Amino acid sequence: MSKEVRVTFEPQGKTILVPRGITILEAARLAGIKIRSECGGQGLCGKCRILVRPVDATTKITDVERRWLTDSELKQGYRLACQAKVLENLVVIVPLETRLVKAKIIEYGYEYPLPFKPLVKKVVVRIPKAKLSDLRPDLERVMDVLRDNMGIEVDEIDYHALIKLPQVLRDGEWIITVTIWDGNKVIDFEKGDTSKHMYGVAIDIGTSKIVCHLVDLHDGKSLAVGSLENPQLAYGEDVISRIRYCMIKRSGLKELRAVVIDAINFIIGELCKKVGINRNNIYEAVVVGNTAMHHIFLGIVPNYLALSPYVPGVRRSLNVKARDVGLLINSGANVYLPPIIAGFVGADAVADIIATGMIESDDIVMLIDIGTNTEVCLGNREVIWTASCASGPAFEGAHIRFGMKAIPGAIEHVKIIPKSNGYDVKYSVIGDTRPVGICGSAMIDVIAELLKNGIIDRSGRFVQDKEDARIKVGKDGKEFIIAYSDETEIGRDIVITQKDIRQIQLAKAAIYAACKVLMRKAGISEADIRRVYIAGAFGRHIDAENAKIIGLLPNVPSGIVEFVGNTAVAGARLLLKSRIARKYAEELLKIARYVELTVEPEFSQEFLKATYFPDIKEHMHSTPT
Ligand code: FES
C-alpha cells in the first residue's frame with residue numbers, strides 16, 4: 001500500500017500528495033488551503049467542517065465529530081478536518097463558511113500628540129584624508145571629527161559598520177554619513193551624503209494580523225502602511241493554541257517564529273518598493289504585540305505563559321540588533337520592544353496606553369481591548385490598574401454555531417421588530433453578499449434585542465411561553481432564527497442558540513467583572529470615569545448602547561465611549577518617533593498595578609453576578625447617555 005495519498009481540495013482545485021494518516025487539516029496546511037481552525041485542531045470549535053468524497057476514504061467518525069455535526073450532516077459526508085485522517089485518495093470540499101477569509105485589518109489608531117524626537121540621527125562629515133604625516137587609524141579620525149566638530153562622544157560602534165569603514169571612507173572620498181542611535185552609538189557608516197534617507201518601521205504583531213508603518217524619521221510621517229494576516233493563524237487562532245503547538249512540537253517555536261519574521265520582512269519589502277526606498281535605510285524598528293507574540297518574535301520559549309503562575313520570560317524593554325532577530329533592514333538597526341506589564345498584559349497594552357494619552361491624563365480613563373484575552377486598564381498619570389481576563393473567542397465567532405469574524409458575509413447589526421403576527425428581523429451584512437454567519441457586534445445586538453423584546457430573560461434562557469415562527473428547538477435547545485435559509489448564502493437558517501447565548505454571557509461577564517474589580521481596586525465608581533476607550537478591531541463595529549444593555553461595558557454615558565482603532569500600532573509609531581514615549585513606557589512599569597484575576601476572590605463573585613443580564617427596565621430608566 002502506497003505511503004502517500006492524493007488529496008484534492010475543491011473549489012480551489014488544488015491536488016497534493018500527502019502522507020497517509022495525517023489529518024485533513026494538516027493536508028490543507030501543506031496544500032496552502034486556509035481552513036478555519038479557531039481551536040488549532042483540538043476539536044473544540046467545530047469550525048473546520050468539510051465534505052469528503054468518498055465518505056469512507058478517511059478514518060472513522062469520532063465522538064468529537066458527533067458532538068459538532070448532526071446525523072444527517074455526517075451521512076452527507078461532513079467531517080471535521082482536524083479529526084478525519086486521510087486513508088485513501090479523496091476529494092475535500094471546503095464549504096463557504098469554513099474558508100478562512102481575510103478580515104479587514106485596521107491599520108490606524110488614535111495617536112496622542114507627543115513631541116517628535118526620534119532616537120536616530122544622521123550626520124554628514126568630512127574626514128581628514130590619511131597621509132604619511134597623519135597616520136591615525138580610520139576609526140580614530142572619524143571619532144575625532146565627531147567629537148571636535150559635532151560634540152558627539154562615541155560610545156559604541158556597530159561591528160558591521162566598523163568592518164566596512166575603511167572602504168566607505170575611500171569610496172566616499174572622505175565624505176561619509178554616520179548614523180547614530182541614542183545620542184552616541186554608531187550604527188552605520190555610508191559613503192557620501194545619505195542624510196535624506198532616514199526611516200523607521202512601527203510593527204504591531206497581533207494574534208490575527210501584522211501591521212507595519214514605514215515612517216520618515218525626519219518628520220514622523222507614515223510614508224506607507226501595510227498589513228497581512230498573521231500567518232501563525234494556520235497554527236491556531238488564539239495564543240493558547242499556538243503556545244500549545246510550541247509545547248507539543250519540538251520545532252514549533254522555530255516554525256512560528258519563522259513565519260512571522262518572513263511576513264514582517266515581506267511587508268517591509270513591499271512598503272519600500274511602494275515608496276522607492278532602500279530597506280537598508282531603515283535604522284530602527286519598534287515591535288509591539290501581546291506577550292506570546294513578543295516571545296515568539298524573539299524566540300523566547302512561550303510555554304510558561306500558559307502555565308500557572310503565567311510569568312513572562314522577560315518584562316523589561318529590550319533593544320536588540322535587527323540582524324539578530326532576522327529583520328531585513330539595516331543590519332545594525334536597533335529593534336526596540338517596549339516592556340511587558342504581565343504575562344497577559346503585553347507590550348501592545350503598553351502601546352495602547354501611550355497612544356491614548358492615558359499616561360498623561362489627569363482624568364480617570366478606562367481602556368478595554370477586547371479579544372480572546374481582554375485587557376482592561378484603568379487609571380491616570382498617577383496609577384494605572386491593569387488586568388487581563390480570558391473572555392474567550394466567542395466574540396470572534398468561535399464556539400458560536402454560526403459565529404464568524406467581521407468579514408464579508410457576516411451579519412454585523414441586528415434589530416428585532418415585534419409585529420402583530422410575530423417578529424421581523426432587520427439585519428445588515430458586511431460586503432455585497434447574502435449572510436453566511438454572525439460576527440461579534442451582531443451577537444451583542446441580537447442578545448440586546450432578545451432582552452428588549454422579552455424573548456430571553458435575565459438568566460439568558462428563552463422565556464418558556466414565548467412562541468413564534470422564529471423560535472424553534474434545535475440540537476442545542478431553543479434557538480432564534482435571525483435569517484431564514486432562503487435568505488442566506490449557506491442554505492441553512494442562521495440562528496442564535498441557547499448555547500451561543502451562554503457563551504456570550506460567559507465572555508461578557510468576564511470583561512464586566514474585570515472592569516468592576518479594577519474599579520474597586522482603584523476605589524472609584526462609574527461616575528468617576530471620564531472616558532472609556534475601546535481599542536482593537538472588534539470594538540469598531542459594536543453598538544455601545546447594546547453593549548451596556550447586555551452588561552458587557554460598565555454603565556457609563558454612551559457619549560464618553562470612544563472607539564480608538566489600532567492603538568497598538570499607533571503606540572508603536574509614537575515609540576519610534578518620540579523619546580518621551582519611551583520614557584513613558586519605562587515609567588509605566590513603575591505606575592502600573594497588575595491584578596491577577598485568577599487568584600482574586602472578588603473576580604469570581606463579580607463574574608457570577610455578571611453572568612446575569614442587567615435588568616432591562618432598570619437600564620432603560622437609569623442609563624446615562
Ligand atoms: S474543531 Fe477542528 S479546528 Fe477546531
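All of the numbers you see were taken from the coordinates with simple rules; none came from a lab. From a predicted model like this one, the values you see are computed outputs, not experimental measurements. Please note: Cβ atoms are built from the backbone with ideal geometry, for glycine as well, and neighbour counts cover all protein chains shown.
Note on the stretch 109-154 and the stretch 240-301: Cα centroid distance 31 Å, given to the nearest whole angstrom. Taken about its Cα centre, the stretch 199-337 carries a charge dipole of about 380 debye when Lys and Arg each add +1 at the Cβ and Asp and Glu each add -1 at the Cβ.
Once backbone amide H atoms are built at 1.01 Å from N, Cys45 has Cys39 as its partners under 5 Å, excluding neighbours fewer than 5 places away on the same chain.
Within 10 Å, count the other beta carbons around each residue, average over each peptide in 205-212, 134-141, and list them highest first.
Numbers: 205-212: 23.9, 134-141: 13.0.
So the order, starting with the most tightly packed, is 205-212, 134-141.
Let's see if you can work this out: charge +1 on each Lys and Arg Cβ, -1 on each Asp and Glu Cβ, no other charges. What is the dipole magnitude of the chain about its Cα centre, in debye to the nearest 20?
On the way: 83 positive and 77 negative charges, 273 e Å.
With only Lys, Arg, Asp and Glu charged at Cβ, the dipole is about 1320 debye.
How far, in degrees from 0 to 90, does helix 579-591 lean away from the longest principal axis of the Cα atoms of the chain, to the nearest 10? Tilt of helix 579-591: around 60 degrees. Projecting the Cα atoms of Ile329, Asn303, Val201 onto the charge dipole of the stretch 199-337 (Cβ charges, centred on the Cα centre) puts Asn303 farthest toward the positive pole. Lacking any other cysteine beta-carbon closer than 4.7 Å, the following Cys residues of the chain have no compatible partner: Cys48, Cys82, Cys212, Cys246, Cys272, Cys377, Cys389, Cys439, Cys515. Against the chain, whose longest principal axis comes from its Cα atoms, helix 239-248 is set at around 80 degrees.
In degrees between 0 and 90, to the nearest 10, how far off the longest principal axis of the chain does helix 347-356 point, with axes built from Cα atoms? Long axis of 347-356 versus the principal axis of the chain: about 90 degrees. Mind checking which lysines have their Cα closer than 22 Å to the Cα of Lys85? Skip sequence neighbours fewer than 8 apart in that chain. The qualifying lysines are Lys3, Lys14, Lys34, Lys47, Lys60, Lys75, Lys249. A Förster radius of 60 Å combined with the Cβ-Cβ distance from Val55 to Arg170 puts the calculated FRET efficiency at roughly 0.25.
In whole angstrom, note down how far apart the Cα centers of the stretch 46-73 and the stretch 555-587 are. Going from one Cα centre to the other spans 46 Å.
A viscosity of 1.306 mPa s and a temperature of 10 °C, combined with the Kirkwood radius over C-alpha pairs in the Stokes-Einstein formula, give the chain a diffusion coefficient of 60 µm²/s. When the convex hull of its Cα atoms is viewed from all sides, the stretch 519-614 shows a mean projected area of 7.8 nm².
According to the Kirkwood relation over distinct C-alpha pairs, the hydrodynamic radius of the stretch 500-544 is 12.3 Å. Measuring max minus min along each principal axis, the C-alpha atoms of the stretch 345-625 give extents of 62, 38, 33 Å (largest first).
Pick out, in residue order, every one of the trypsin sites (Lys or Arg not before Pro) in the stretch 294-352 that is DSSP loop and has at most 16 other C-beta atoms within 10 Å; say none if there are none. Could the numbers behind the result be given before it?
Values: sites: Arg315, Arg316, Lys321, Arg323; in loops: Arg315, Arg316.
Filter output for the stretch 294-352: Arg315, Arg316.
Pairwise Cα separations in the stretch 347-456 fall into 10 Å bins from 0 onward with the following percentages, short to long: 14, 30, 27, 21, 7, 1.
If I take R0 = 35 Å and measure r between the Cβ atoms of Asp362 and Asp615 in this structure, what FRET efficiency does the formula 1/(1 + (r/R0)^6) give, to the nearest 0.05? Numbers along the way, then the final one.
Numbers: r = 34 Å, r/R0 = 0.98.
Calculated value: 0.55.
Taking the Cα centre of the stretch 120-191 as reference, the dipole from Cβ charges on Lys and Arg (+1) and Asp and Glu (-1) amounts to some 300 debye.
Among the GluC sites (Glu not before Pro) within the stretch 401-510, those in coil by DSSP and having at most 14 neighbouring Cβ atoms inside 10 Å are Glu467.
Could you work out the helix-only [θ] at 222 nm for the chain, with each DSSP H run of four or more residues adding -39,500 (n - 2.57) and the total divided by the number of residues, to the nearest 500 deg cm²/dmol? Present the calculation step by step, with values, prior to reporting the outcome.
Numbers: 17 runs with 187 residues, N = 625.
Taken over the chain, the calculation gives -9000 deg cm²/dmol.
The peptide list 22-35, 346-359, put in order of mean Cβ contacts within 10 Å with the highest first, becomes 346-359, 22-35. Note on the stretch 104-237: Lys pairs 8 or more places apart or on different chains, Cα atoms under 12 Å apart, count 6. Distance from the C-alpha centroid of the stretch 178-238 to that of the stretch 16-35: 35 Å, rounded to the whole angstrom.
Here's the picture: charge each Lys and Arg Cβ at +1 and each Asp and Glu Cβ at -1 in the stretch 4-98, and of Leu17, Thr59, Leu87 the one pushed furthest to the positive end of that dipole is Leu17. Taking the dipole about the Cα centre of the stretch 102-219, with the C-beta of Lys and Arg at +1 and of Asp and Glu at -1, give me whichever of Ile175, Pro115, Pro128 is farthest to the positive side. The one lying farthest along the dipole's positive direction is Ile175. Among 527-539, 555-567, the peptide with the highest mean count of other Cβ atoms within 10 Å heads the list, and the full ranking is 527-539, 555-567. Rounded to the nearest whole angstrom, the semi-axes of the ellipsoid equivalent to the stretch 120-191, taken from the Cα gyration tensor as √(5λ), stand at 18, 13, 11, largest first. Could you list the chymotrypsin sites (Phe, Trp or Tyr not before Pro) in the stretch 157-231 that lie in coil according to DSSP, counting only those with at most 11 other Cβ atoms within 10 Å of their Cβ? Passing sites in the stretch 157-231 do not exist. When the Cα atoms of the stretch 26-134 are aligned to their principal axes, the ranges along those axes come out at 90, 44, 21 Å in descending order. Residues Ser459, Ser241, arranged from fewest to most other Cβ atoms within 10 angstrom of their Cβ, appear as Ser459, Ser241.
Contact order, relative form, for the chain: 13 percent (alpha carbon pairs under 8 Å, 6 or more residues apart, mean separation divided by residue count). For the stretch 199-337, the calculated P(r) over all alpha carbon pairs, in 5 Å bins from 0 to the bin holding the longest distance, is 2, 10, 21, 23, 19, 13, 7, 4, 1, 0 percent.
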